[in-house]
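Heads up: the structure comes next, in structure tokens.
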């Protein structure tokens, strides 16, 4: 004997099958494929140039200014915990720059570098005005926005992150 709930269950099964119909993807046009390659190539250029700049700044903090010198400078600027902050910022710039170049952990690294540049902009460069030549915020702003752009867009398909995603 079948009950009303049995019929409802059967009806639900039929509905589920119809809702689960897969629509095949529309083939991409040649223009869309060129746009995609251009976008991915642009992201590689952005990541590599940004990575090189951050590596240079990290190396400068470690090798030229030295961590004690950077910490003293940070302390003079009012940056909290300058001994810790100097190591963290220099390490993030150096390692983060390398990771950006290969495209590994790109969104996280981009976000961390963007936050670092925002803090530098507000605490250090903003009072000096816009011009980087006068210690202003223009250069730090460009680095921060570029890092944020990488965090928001991701690395593109020419990156280790994309390779890992494809293997999953």
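Computed from the coordinates by the stated procedures, all read-outs in this text should not be read as laboratory data. All figures in this text were calculated on a predicted structure; none of them were measured in a lab. FYI the Cβ positions are ideal-geometry reconstructions off the backbone, even for glycines, and counts take in every protein chain you see.
Sort 138, 93 so that the residue with the fewest other Cβ atoms within 10 Å of its own Cβ comes first and the one with the most comes last. Write down the numbers at each step before the final one.
Working: 138 16, 93 24.
Neighbour counts put them in this order, fewest first: 138, 93.
From the Cα trace of the stretch 91-168, what convex hull volume per residue do you get, rounded to a whole Å³?
Working: hull volume 6.6 nm³, N = 78.
Dividing the Cα hull volume of the stretch 91-168 by its residue count gives 84 Å³.
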The stretch 34-164 shape via C-alpha gyration tensor axes, a/c threshold 1.5: prolate
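What's the extension gain from residue 30 to residue 52 if we count 0.36 nm per residue and subtract their Cα-Cα distance? All intermediate terms of the calculation are to be shown ahead of the outcome.
Working: separation 22, 0.36 × 22 = 7.92 nm, distance 3.29 nm.
Stretched out fully, the residue 30 to residue 52 stretch lengthens by 4.6 nm.
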